[in-house]
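Single-structure report; data block below.
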Amino acid sequence: MGNYAIETVGLNFNFGNQVIVKDLSLQVPKGSIYGFLGPNGAGKTTTIKILLNLLKSPSDQVFIFGKEINSNRIATLKRIGALVEQPAIYGHLTGKENLINRCILLGIKKTKADEMLSLVGLAEAANKKANKYSLGMKQRLGIAQALISDPELLLLDEPTNGLDPNGIIEVRNLMIDLATKHQKTILVSSHLLAEIERTATHVGIINKGQLLFQGTINELHLLSKPMLEIEVDKIESASSFLTKSGYEIAAKTDRVITVPFTSAQKSGELNTLLIQNGFTVSSLYQQRKDLENLFLDITKTN
Amino acid sequence: MRALYISLVSEFYKSRKTLAFWAAILLPVIVCGLITFGFYSGSEKILARHYPPMMLWGNYIGAALGVMGLLVMPFYVIFMAFSVNNIEHKNDTWKMLFAQPLNKFSIYAAKYLYAVFLILICLFLFATLTYGFGYLLQVLVPEYNFNQYNPSSILINSYTKLFLSSFGILSLQFILSLLWGDFLKPMGIGFVGTIMGIITANVGWKYAYLNPYSLPTLALRITKVSKNTDPLEFPIFTQEIWTSLIYAIILFIIGYFIVTKKSIK
């Protein structure tokens, strides 16, 4: 438990009769960027709200830095910065005033506000009313609010929502910076895998409230290891022939045999072997599932 | 205590540019200004009645108190209870507020106290402006005899009563505004309550004091009656003030439980 910034143990959460989160066991290592992935309505935001104690979890199911959240609410919240759904911004106050208000609530120096505005590139719009901000600017202000207390753990719910490509890259770099240089732990949710793939060190995939995959980004990549698809006649005997010759059959349809891809040379050898033994190979190609498809597959089967 | 103080400072910081805050200052300035202007421009008519100093003050103070106590006060309180909560509903900031490392009681109590503070400021200004403008009238119209009677006790007593009698309405409306983000529901209930309050208070129904909305009217009516006898001796803590305070305490506690159970969906 000591190595996790966030750990949930068989977390369950319902709204009335509706099950929102089911037996969720998140393990977010300290110092990681944890991509929390899932389609819309999968339970990501609810989970983040539980981690902030905005929604009350059953006792002994949620631990932040090893401490049970319900009995350590204030101490835990001191170590967390969060951006949940739409950024919580007072429209009648300027961007800077919004940050100063946050400084007041956190009991920190008001000069932090300017620092944060520069960090998220809002220094020029500091004195503009926040309701005149564009969606992207609001999102940046939300990120500034989450960062202002210099928290050890950041919970960012779809932080690149509404940002243009430049803004997305900036947020991405900021996250990498925070994790590598400042040893922050970041849990970032998204419904786009491509979004997470470039920054995350760890990934959790959730759908309909259940965790379908959890591991490092490399472990996720391993799931999508390349395959060799062989279209061949006499499929049954070809299949048993390959097994006998020591090949591992990953999948077989009535037309195609799939084996793990190792190298181009090995593929050629396999082709020769089949032909020499009287099989007709009509096609032989390397197939790699990209992560996006993998993600779709993982969430679809649930 | 620190969390409560921080939350209070933040409430002030957030609202200082809103109508809710300025209403607390503008309302007494406008009402007292208009009454003073009336006493200034219509001074001949008033002087012709040859009021003794105490009666002159009574009429002058009564003009502001009458407007305030009967109609404006309940609606002002309803508006204050609405606006301190609405600032969070409107900006969808409840989630941010409750994700801060502050205990929920401080956040809730600070909002409540801030609403109380706004009402206090408003009524304090009413009392001081009435006092100050009275002496200003004396300077502008030297024939008046405002300077021959010191109205401070009667002003303090009546505005303290008005202030305390508003707690019942405030606590009730505070809960309604906490629960509902829209303007119409708490305002509609408050409007019906206020009308009922005025009617029940004025027809002298025995149990009128049980309706929190009738308490300012009841509190002031006793003031008015007593004023003709000995204005300095009317008690502040009468039945309606106690009722108001009891309502306030009970509803404040209920409101806190609503806050702790409030799910931020």
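Sort out which residues of the stretch B:90-139 are under 30 Å from B:TRP57 (Cβ atoms) and among the aromatic types (Phe, Trp, Tyr), and write them in order of number.
Across the stretch B:90-139, the qualifying residues are B:PHE117, B:PHE124, B:PHE126, B:TYR131, B:PHE133, B:TYR135.
With the requirement that a residue be of a type outside the set (A, V, I, L, M), modelled with pLDDT under 85 and closer than 19 Å to B:PHE163 by Cβ, what does the stretch B:213-235 give you?
Selection gives B:SER214, B:PRO216, B:THR217, B:ARG221, B:THR223, B:LYS224, B:SER226, B:LYS227, B:PRO231, B:PHE234, B:PRO235.
Looking at A:ILE235, A:ILE196, A:ILE205, A:ILE217, can you tell me which residue is surrounded by 15 or more Cβ atoms within 10 Å (Cβ to Cβ), among the aliphatic types (A, V, I, L, M), in contact with an Asp or Glu (Cβ under 8 Å, 6 or more places away or on another chain) and in the same structural domain as A:GLY31 (by TED's automatic domain parsing)?
One residue alone meets the criteria, A:ILE217.
Within the bounds of the stretch B:49-70, is there any residue that is in contact with a Pro (Cβ under 6 Å, 6 or more places away or on another chain), crowded, with 24+ Cβ neighbours inside 10 Å and under 30 Å from B:ALA110 (Cβ atoms)?
yes
Identify, by number, the condition in (1) surrounded by 22 or more Cβ atoms within 10 Å (Cβ to Cβ); (2) in contact (Cβ under 8 Å) with a residue 12 or more places away in the chain; (3) within 14 Å of chain B (Cβ to nearest Cβ); (4) in contact with a Ser or Thr (Cβ under 8 Å, 6 or more places away or on another chain) that A:ALA144 doesn't meet.
Going through the list (1) surrounded by 22 or more Cβ atoms within 10 Å (Cβ to Cβ); (2) in contact (Cβ under 8 Å) with a residue 12 or more places away in the chain; (3) within 14 Å of chain B (Cβ to nearest Cβ); (4) in contact with a Ser or Thr (Cβ under 8 Å, 6 or more places away or on another chain), A:ALA144 breaks only (4).
I need the full set of residues from the stretch A:194-231 which are in a helix (DSSP H, G or I), closer than 14 Å to A:ILE33 by Cβ and under 10 Å from the mean Cα position of the chain (by Cα), in order please.
A:GLU195, A:ILE196, A:GLU197, A:ILE217
Just to confirm my filter: which strands (runs of 3 or more DSSP E) fall fully inside the stretch A:14-97 and include at least 3 residues that are more than 9 Å from chain B (Cβ to nearest Cβ) and either free of Cβ contacts under 8 Å to residues at least 40 places away in the same chain or not hydroxyl-bearing (Ser, Thr, Tyr) (or both)?
Correct list: A:18-24, A:27-29, A:33-37, A:62-64.
Go through the stretch A:98-111 residue by residue and tally those that are among the hydrophobic types (A, V, I, L, M, F, W, C) and at the interface with chain B (Cβ under 9 Å from one of its Cβ atoms).
Total meeting the criteria: 4.
Each row is one residue, and each column tells you yes or no for (1) crowded, with 19+ Cβ neighbours inside 10 Å; (2) not small (Gly, Ala, Ser).
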{"site": "A:ALA75", "(1), (2)": "no, no"}
{"site": "A:GLN86", "(1), (2)": "no, yes"}
{"site": "A:GLY91", "(1), (2)": "no, no"}
{"site": "A:LEU99", "(1), (2)": "yes, yes"}
{"site": "A:ARG102", "(1), (2)": "yes, yes"}
{"site": "A:LYS109", "(1), (2)": "no, yes"}
{"site": "A:ALA113", "(1), (2)": "yes, no"}
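Of the residues in the stretch B:140-153, how many are surrounded by 20 or more Cβ atoms within 10 Å (Cβ to Cβ) and either at pLDDT below 85 or closer than 10 Å to B:MET54 by Cα (or both)?
Number of matching residues: 2.
Considering only helices (runs of 4 or more DSSP H) fully contained in the stretch B:93-201, which possess at least 2 residues that are more than 14 Å from chain A (Cβ to nearest Cβ) and touching a His at 6+ places or on another chain (Cβ under 7 Å)?
none
Checking the structure you have, find out if any residue of the stretch A:161-168 is crowded, with 22+ Cβ neighbours inside 10 Å and either part of a helix (DSSP H, G or I) or modelled with pLDDT of 90 or more (or both).
Scanning the stretch A:161-168 turns up no residue that is crowded, with 22+ Cβ neighbours inside 10 Å and either part of a helix (DSSP H, G or I) or modelled with pLDDT of 90 or more (or both).
Could you name every one of the helices (runs of 4 or more DSSP H) located completely within the stretch B:1-78 that has at least 2 residues being more than 14 Å from chain A (Cβ to nearest Cβ)?
B:19-41, B:43-48, B:53-67
Do you know which residues across the stretch A:173-192 are in a helix (DSSP H, G or I) and either buried (at least 22 other Cβ atoms within 10 Å of the Cβ) or outside the structural domain of A:THR160 (by TED's automatic domain parsing) (or both)?
Passing the criteria: only A:MET175.
Read through the list (1) outside any helix (DSSP H, G or I); (2) hydrophobic (A, V, I, L, M, F, W, C); (3) out of contact with any helix residue (DSSP H, G or I) (no Cβ under 7 Å at 6 or more places or on another chain), then give the number of the only condition that A:LEU156 fails.
A:LEU156 satisfies every listed condition except (3).
Please verify whether A:GLY215 is touching a Gly at 6+ places or on another chain (Cβ under 7 Å) and within 30 Å of A:ALA42 (Cβ to Cβ), treating the condition exactly as stated.
no
The values are calculated or read from the model by the stated rules, or taken from the named source; none is laboratory data. Note that the structure is predicted; figures quoted are calculated from it, not measured. Cβ atoms come from the backbone with ideal geometry, glycine included; neighbour counts cover every protein chain shown.
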